[in-house]
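Have a look at the structure below before the remarks.
The values are calculated or read from the model by the stated rules, or taken from the named source; none is laboratory data. Note that the structure is a prediction, hence the values are computed from the model and not measured. So basically every Cβ, Gly included, is an ideal-geometry build from the backbone, and we count neighbours across all protein chains shown. We work out accessible area using only protein heavy atoms, side chains counted, and drop any ligands, DNA or RNA first. Shrake-Rupley method; radii C 1.70, N 1.55, O 1.52, S 1.80 Å.
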Amino acid sequence: MPQPYYNVSNKMLFISKQTWSFLFILFILAFFTTLLHYSHHTNTPAHKSSHFYLDSFLSSATNYTLATYLRHLTLHPHLAGTLPSLHTALYVKSHFQSLNLQTHVTNYTVLLSYPLFSSVTLHFPNGSVLSLTLSEPGLSSTGVVKPYHAYSPSGSVYGKPVFLNYGREMDYIALGVHGVKVKGCVGIVRRGGRLSRNEVVEKAAARGVTAVLMFTDSEFAGGVERGTVMSGVGDPLSPGWGGVENGEKLRLDDPIVMQKFPSIHSLPISMISAETILKSLEGAEMPYEWRKSMRCSTSGRVGPGPIMLNFTYEGERKMATVQNVFAVIRGSEEPDRFVLLGNHRDAWTYGAVDPNSGTAALLDIARRYALLIRLGWNPRRTIILCSWDAEEFGMIGSTEWVEQNLLTLGSKSVAYLNVDCAVQGPGFFPSTTPQFDDLLTEITKKVNDPDSEGMTLYERWTAANRGIRIQRLTAVDSDFAPFLHHAGVPSVDLYYGKDFPVYHTAFDSYNWMVNFGDPFFQRHVAVTGVWGLLALRLAEDPILPFNYLPYAAELQDYNRILTDLLEGSNISLHPITAATQQLAAAAKQTLEEAKKLKEDEATDEHTVLKRRILNDQLMFAERGFLDEEGLQGRPWFKHMVYGPRNDGESELDFFPGLANAISRSSGLKSGEHNAETQHEIWRIARAIQRAAHTLKGIVLSVLRMQVYGPRNDGENELDFFPGLANAISRSSGLKSGEHNASIQHEIWRIARAIQRAAHALKCELT
């Protein structure tokens, strides 16, 4: 069957079968659930106005309850996979149950990583030896895990230390200019420079560095920042599917698994320990730009040597059970539409800021929603409160759940609202997909500013930023990532405070919060207010309060930036320009239709169905930005507008596939560069066009099925389960073990597909 094309301003946009298939499944599910629901629709009894419940939610805030929750959550360290972490999960579960909320726990068996032994010794030219202190002072018997990098390989190295600054490409270039050779050395790196730990280690390995010691240039000089160095998100042994007990698991030595882990060792150290090393370095002079931004004392030299450094790390990777805890408030009119609020619960140490300031807020929202229920409230749509586990290891709990429930979430989720660190310090720092901009702004006008008496959060926020400043969700640094980057669910991430100096250290405690972060817990009250009101509006408004005009405007801004960046090349941005115009027109048309339906107070079946259809268009439009093939080299990430860049140093924090293509262009000939970049531009344009079509209610696609489809071998007797049939046909050329593994993998794929269909039919989330 020929593949369809669509004309956009005389440019032909190719629409692949793979690209449209996911949207088709979502619309089919939405269509049938709509018919099922509204064929039995009856008017609900009269109840208090939505304004009454919104006001009641705000007036029921107390800083005392938030402080009490946080105190209890941070009594002990609770690293994922440990007994204290299980106790924290049970505390959240019992809290939900005490409020008479429908509560359940979903467990996953996943691969986690823990330290066994580490040591770093300095060997000086005069023969003296010094062992560095690797843990924070006074914490040897508190149950705090010793500083380490999760998933770092075990081993020992002996070499000269060399200072790599942030470990960026430009830093290696600067060292090269000064004649510094890093191959065979142990790299000393300060955290920052927009690079993840994994990117720092991989860049070092590519240049022959044998190991990396990382420190945080912080006012808390004795703190050590723990973290993960795994690439990607989710359980390494179940990439792309939920890591359920007795489900399919890849082997540890599977190439797909091994490529997620760095090839060289790494370890975090304190700034005090880093100073001991850096003050002993000789060699080339440290660039002035590096020195002027450092708190850390140094010799002013970068090395290598002359001291030698002996580094040993031994860790273990083992299977552990992690727990996601949920509370569900079932909707009265649209129970098959979900508004999700999520926060992770696990912490590297005590986690007062990261993440349990957010957990305390989630528990308080549950308390206040339960109060509304006692007042007679029942939301129009279903609200789900989600407490994730193992986020610190790579968003594992949330990712496994999204992968397991992908079809149901894709067809029924209105939005995902994330709060990780609710309070880090002063200032409001929201990040959203752009259709939330108007709603978020409106809500901040109803919440009191915690640091300025007589001012709203909106007034303080806009004064501090000279206008409205909302970040976008490009980074892969919290639990919104699987929802937005993989499932295409509109998302929000809220913070109070930009950063904090005790990040991932043993000093992230309740004492730090009450002394520095939020002594009176008023910032907690503010974040909880915004978070809870967002969910209430999304769950209650008859027409979803999404406006896609800011999305179109944002895309136009991106296009202008690209125009300047690509000036003088033969690359055309017209496809993006034309598609964005379509999105803007669709957004305007949708706003006009929404206005009419808001003014129409009729409750007949036809009007109710029109509202439902419009809401589905508003809900599904974000899914249009997904591309089935995903980003080149990282196919799990499917969002064409927001997502991770392969090169963390790229200045483009949008259109990740295009940013990656531009970054790769330095190693390509001009023609190859232009072709690859132009291809990514077309992919982005098609994604924008899909979103525009979805917003207008246009659905065009072809199904991809695990049950029925073509076989590679037309002579095969099996006319069902094509993937399995193909695997059996290929078996003649494989060894017995390879044959069995390939067939078993296809059987697991079929089983997961059938299970997804069953969950979707039952409107069920696990």
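See the values below:
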| item | result |
| --- | --- |
| Residue within segment 286-304 that is touching a residue at least 40 places away in the same chain (Cβ under 8 Å), hydroxyl-bearing (Ser, Thr, Tyr), under 24 Å from GLY227 (Cβ atoms) and in a helix (DSSP H, G or I) present | no |
| In segment 89-106, the residues that are in a helix (DSSP H, G or I) and of a type outside the set (D, E, K, R) | ALA89, LEU90, TYR91, VAL92, SER94, HIS95, PHE96, GLN97, SER98 |
| Which listed residue, of SER231, SER266, is polar (S, T, N, Q) and under 30 Å from ILE747 (Cβ atoms) | SER231 |
| Of the criteria (1) outside any strand (DSSP E or B); (2) in contact with a Gly (Cβ under 7 Å, 6 or more places away or on another chain); (3) crowded, with 24+ Cβ neighbours inside 10 Å; (4) not basic (Lys, Arg), which one ASN418 fails | (1) |
| Complete set of residues in segment 334-378 that are part of a helix (DSSP H, G or I) and among the aromatic types (Phe, Trp, Tyr) | TYR369 |
| Count of residues meeting criterion [among the hydroxyl-bearing types (Ser, Thr, Tyr) and either touching a strand residue (DSSP E or B) at 6+ places or on another chain (Cβ under 6 Å) or in a loop (DSSP other than H, G, I, E, B) (or both)] in segment 503-532 | 3 |
| Of residues in segment 217-238 being modelled with pLDDT of 95 or more, part of a loop (DSSP other than H, G, I, E, B) and among the hydroxyl-bearing types (Ser, Thr, Tyr), the one surrounded by the most Cβ atoms within 10 Å (Cβ to Cβ) | SER238 |
| Residue list for segment 54-71, restricted to those being closer than 20 Å to THR349 by Cα and either buried (at least 17 other Cβ atoms within 10 Å of the Cβ) or among the aromatic types (Phe, Trp, Tyr) (or both) | LEU66, ALA67, TYR69, LEU70 |
| Residues of segment 602-638 that turn out to be touching a helix residue (DSSP H, G or I) at 6+ places or on another chain (Cβ under 9 Å) and open to solvent by 80 Å² or more (accessible area, probe 1.4 Å), as a count | 5 |
| Subset tally (residues that are outside any loop (DSSP other than H, G, I, E, B) and either under 26 Å from ALA352 (Cα atoms) or open to solvent by less than 20 Å² (accessible area, probe 1.4 Å) (or both)) for segment 465-481 | 3 |
| Any pair with Cβ under 6 angstrom, 6 or more apart, that starts in segment 575-598 at a residue that is of a type in the set (Lys, Arg) and ends at one that is part of a helix (DSSP H, G or I) | none |
| Which numbered condition LEU267 misses (of (1) crowded, with 17+ Cβ neighbours inside 10 Å; (2) out of contact with any Pro (no Cβ under 8 Å at 6 or more places or on another chain); (3) under 22 Å from VAL502 (Cβ atoms)) | (2) |
| Number of the exception - ARG645 against (1) open to solvent by less than 60 Å² (accessible area, probe 1.4 Å); (2) modelled with pLDDT of 90 or more; (3) not in a helix (DSSP H, G or I) | (2) |
| Only one of LYS249, LYS203 that is basic (Lys, Arg), part of a loop (DSSP other than H, G, I, E, B) and modelled with pLDDT of 95 or more | LYS249 |
| Odd one out for ASN660, checked against (1) out of contact with any strand residue (DSSP E or B) (no Cβ under 8 Å at 6 or more places or on another chain); (2) at pLDDT below 95; (3) in a helix (DSSP H, G or I); (4) buried (at least 19 other Cβ atoms within 10 Å of the Cβ) | (1) |
| Spans of strands (runs of 3 or more DSSP E) in segment 107-166 with at least 1 residues crowded, with 21+ Cβ neighbours inside 10 Å and at pLDDT 95 or above | 161-163 |
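Condition check ((1) in contact with a His (Cβ under 9 Å, 6 or more places away or on another chain); (2) modelled with pLDDT of 75 or more; (3) part of a loop (DSSP other than H, G, I, E, B)) across all residues:
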residue	(1), (2), (3)
ASN674	no, yes, no
TRP682	no, yes, no
VAL707	no, no, yes
ASN712	no, no, yes
ASN716	no, no, yes
ASP719	no, no, yes
ARG756	no, no, no
